[in-house]
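Structure first, then comments.
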Amino acid sequence: MRATPIQGAAGLKVLELSAGLAGAYAGLILRAQGAEVTLSSAGLKRDLDEFERAYYDRGKALAERDWRTLRDEADVVVCDFPLACLRELALPLTLDELQAGAVAVYITPFGLMGPHSSFASTDITEWAAGGLAYVSRRGVPESDGPGYSPVLAPGRQPEVLAGIAGASAALFGCLHAEMTGEAVIADVSRQEVQAAMLHGVVPPFVWNSVVPGAPASRVSIGMLVPAADGLFYLRPVEAHHWDALYRWMGNPDWTAEPWASDSMSRQQQMPLITELVGLWAAQFPRQKLLVDGQAHHVPVALPRSIDDVLESGHLRERDFWQPVTVGGKEALGPAIPMLDPCSWSCAPVAGVAAAVGGA
């Protein structure tokens, strides 16, 4: 029996720098465990509606002083800003920049390092890149055609699940810092949170060292259209998504057209809209559409099969896949979506420093 009781996060001073649900949920979990959580957006616009702010911000103190001063006073900083914002705000990305025993948890779309670390993204991007959009379509005959695409998980699930991983990383980081006196940088990738959920799909096939794939895997309900070199996925939802798509296509006047201006009309004319978008998208390679779509703030993604995810150079560079030996055979299984605590003060942090310095 322990000599002293475990008291969760009681006594911890946490600065939450959040622009979305991932950081907000991580902060809420730590607050529920007894931490003193102070919230700041550091001047960024928060992507939360009125209800979400009321729900996720409850029990937190709003920052009344400059966030930089609060950062220096905090035991833990939890931040969900994209890597570009971390750099712009000069947040500490190497251990040398942190005080001894301090913990920084960064929840980013694709992690702090790796070929895709600077990618912007939406939930659908991470859902597809993690392989789960394909998984949700298993067992449906290919003859169904592109119109029968899998269903995206409801809500902003990638962010919420990443918030859980972020809160866990904060608590484990505090234990590591308390035991060693070292500073900790925890790197939580929202894509890897999704890919880690392949635990429910990969193990049944590990026994035979076989992981299924499909040459034309599909993703969530939306517009799955042929690009110049394969299938490409768009999922405009809000009016501003559609307006941005029309501008991107070079047809901003469509915003005023009765057949394309409101949700009911778009739903009725979806076959026509999908055909027009497909004719336009077919002129460009998928990678260009992915990058340009992000720049135009249109929810975009590349369909990924499980095989695609297993072969991802980004995930391999981040050592996400771990070998599993079964019956004398070796297969790959997903790791947890945060860096191993044993590596926090070693090579991965050096990798972060190199990635930031070389950006």
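Throughout, read-outs are computed from the coordinates displayed, never taken from laboratory work. Every value quoted in this text rests on a predicted model; they were computed, and no experiment measured them. For neighbour counting, all protein chains shown are included, and Cβ atoms are generated from backbone atoms with ideal geometry for every residue, glycine included.
For trypsin sites (Lys or Arg not before Pro), the sites in region 1-85 that DSSP calls loop and that have at most 15 other Cβ atoms within 10 Å are Arg2, Lys45, Arg58, Arg65.
Once C-alpha pairs closer than 8 Å and six or more residues apart are averaged by separation and normalised to the residue number of region 220-302, the relative contact order reads 43 percent. Using the Cβ-Cβ distance between Ser263 and Asp307 with R0 = 45 Å, the FRET efficiency computed as 1/(1 + (r/R0)^6) comes to roughly 0.80.
Within 10 Å, count the other beta carbons around each residue, average over each peptide in 285-294, 113-122, 246-255, and list them highest first. Display every interim value, and only then the final one.
Working: 285-294: 16.9, 113-122: 20.5, 246-255: 14.8.
Most protected by this proxy first, the peptides run 113-122, 285-294, 246-255.
Pairs of Cα atoms nearer than 8 Å and 6+ residues apart set the relative contact order; for region 6-75 it is 38 percent.
Compute the FRET efficiency between Asp66 and Arg247 as 1/(1 + (r/R0)^6), taking r as their Cβ-Cβ distance and R0 = 51 Å, and round to the nearest 0.05.
Details: r = 37 Å, r/R0 = 0.72.
That gives a FRET efficiency of 0.85.
Taking other C-beta atoms within 10 Å as the exposure proxy, Phe110, Phe51 rank Phe51, Phe110 from fewest upward. Within the shell defined by Cβ-Cβ distances under 14 Å, the residues around Leu276 carry a net charge of -2, with Lys and Arg each +1 and Asp and Glu each -1.
On full extension, the segment bounded by Ala295 and Ala54 gains 83.7 nm, given 0.36 nm per residue less the C-alpha separation.
Along region 87-92 the Karplus relation, 6.51 cos²θ - 1.76 cosθ + 1.60 evaluated at θ = phi - 60°, assigns HN-Hα couplings of 5, 4, 8, 6, 6, x Hz to successive residues, with x for each Gly and Pro.
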